[in-house]
1. For segment 28-42, which residues satisfy the criterion of being among the acidic types (Asp, Glu) and modelled with pLDDT under 95?
2. Considering only residues that are part of a helix (DSSP H, G or I) and charged (D, E, K, R), look in segment 6-27 and name the one that is most open to solvent (accessible area, probe 1.4 Å).
3. Is at least one residue of segment 16-36 free of Cβ contacts under 8 Å to residues at least 24 places away in the same chain, more than 23 Å from Ala78 (Cα to Cα) and of a type in the set (S, T, N, Q)?
4. Listed residues Arg3, Arg100, Arg85; which is open to solvent by 70 Å² or more (accessible area, probe 1.4 Å), among the basic types (Lys, Arg) and outside any helix (DSSP H, G or I)?
5. Which one is surrounded by the most Cβ atoms within 10 Å (Cβ to Cβ), of the residues in segment 45-60 that are closer than 17 Å to Leu111 by Cα and touching a helix residue (DSSP H, G or I) at 6+ places or on another chain (Cβ under 6 Å)?
6. Check whether at least one residue in segment 118-128 is touching a residue at least 40 places away in the same chain (Cβ under 8 Å), assigned to a loop (DSSP other than H, G, I, E, B) and open to solvent by less than 30 Å² (accessible area, probe 1.4 Å), and report yes or no.
7. Here's a check for you: in segment 103-117, which residue that is in a strand (DSSP E or B) and not hydrophobic (A, V, I, L, M, F, W, C) is surrounded by the fewest Cβ atoms within 10 Å (Cβ to Cβ)?
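The values are calculated or read from the model by the stated rules, or taken from the named source; none is laboratory data. All of these numbers come straight from a predicted model, not from anything done at the bench. Don't worry about glycine lacking a Cβ; one is built from the backbone with ideal geometry, like all the others, and counts go over all protein chains shown. When the accessible area is computed, the model is the full protein with side chains, heavy atoms only, and any ligands, DNA or RNA have been set aside. Shrake-Rupley method; radii C 1.70, N 1.55, O 1.52, S 1.80 Å.
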Amino acid sequence: MSRENVDVARAAMDAFNRRDREAFGSLLAEDAEIVPARAALEGTVYRGSDAGAQYCAAVDESWEDLRWDIEEIRNGGAWVLVLGRIRGRGRGSGADIDARAEWLVRFREGLITSFHTYADRTEALRAVGLSE
C-alpha cells in the first residue's frame, strides 16, 4: 500500500494547487485532520469530512495563487513526508511567500487521516523518527 500512499499524497497536493475541493476532499478519511503551518500560532485545525473544502476556502481568503511545490518525497509506508516549498502572494498585502515547507501525510485504508504542514524541516523529520 505504501506506493499507493505516495500517489494519493501527490494527487492531494495537485488537487489543492488547482483548488479542486471535491478532488481534495475525496482523498480524505471522514475523520481527517488538516493542520496548516499557522496552527502553531493560531491553533487553526480543520477536521472532518469537509476539512479539505474548509482549508481551501481559508487559503483562498488570504492568498492569491498559493501553491505547494514538491521537491522530495520520503515514503514510510503508513506515512509520506513531502519536502518542498510554499509559494504565493498575500491577498490584500501583495507580499510574496517562497518558503520551505514539509507535509506529513498519514493514511488509513488508502485515505488521508492527517495532513500536517511543518515550516521546520527538522521538526517534520523528527515527527517520523528521522534526522537530516
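1. Keep residues of segment 28-42 that are among the acidic types (Asp, Glu), which gives 30-31, 33, 42.
The one that is among the acidic types (Asp, Glu) and modelled with pLDDT under 95: Glu42.
2. Of segment 6-27, the ones part of a helix (DSSP H, G or I) are 6-18, 21-26.
Next, from what is left, pick out any that are charged (D, E, K, R): 7, 10, 14, 18, 21-22.
On the way: Asp7: 75, Arg10: 111, Asp14: 81, Arg18: 128, Arg21: 97, Glu22: 153 Å².
Here the answer is Glu22.
3. No, because not a single residue in segment 16-36 is free of Cβ contacts under 8 Å to residues at least 24 places away in the same chain, more than 23 Å from Ala78 (Cα to Cα) and of a type in the set (S, T, N, Q).
4. Details: Arg3 fails: outside any helix (DSSP H, G or I); Arg85 fails: open to solvent by 70 Å² or more (accessible area, probe 1.4 Å).
When all the criteria are applied, what remains is Arg100.
5. That would be Gly52.
6. Taking every residue of segment 118-128 in turn, at least one turns out to be touching a residue at least 40 places away in the same chain (Cβ under 8 Å), assigned to a loop (DSSP other than H, G, I, E, B) and open to solvent by less than 30 Å² (accessible area, probe 1.4 Å).
7. From segment 103-117, those in a strand (DSSP E or B) are 103-108, 111-117; that's our starting set.
Next, only the ones that are not hydrophobic (A, V, I, L, M, F, W, C) stay: 106, 108, 113-114, 116-117.
Numbers: Arg106: 20, Arg108: 12, Thr113: 17, Ser114: 17, His116: 20, Thr117: 20.
Step by step, filter segment 103-117, then rank; the result is Arg108.
Conditions (1) out of contact with any helix residue (DSSP H, G or I) (no Cβ under 8 Å at 6 or more places or on another chain); (2) closer than 17 Å to Glu109 by Cβ; (3) surrounded by 14 or more Cβ atoms within 10 Å (Cβ to Cβ); (4) acidic (Asp, Glu), marked per residue:
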residue: Gly43; (1), (2), (3), (4): yes, no, no, no
residue: Ser62; (1), (2), (3), (4): yes, no, no, no
residue: Glu72; (1), (2), (3), (4): yes, no, no, yes
residue: Arg91; (1), (2), (3), (4): no, no, yes, no
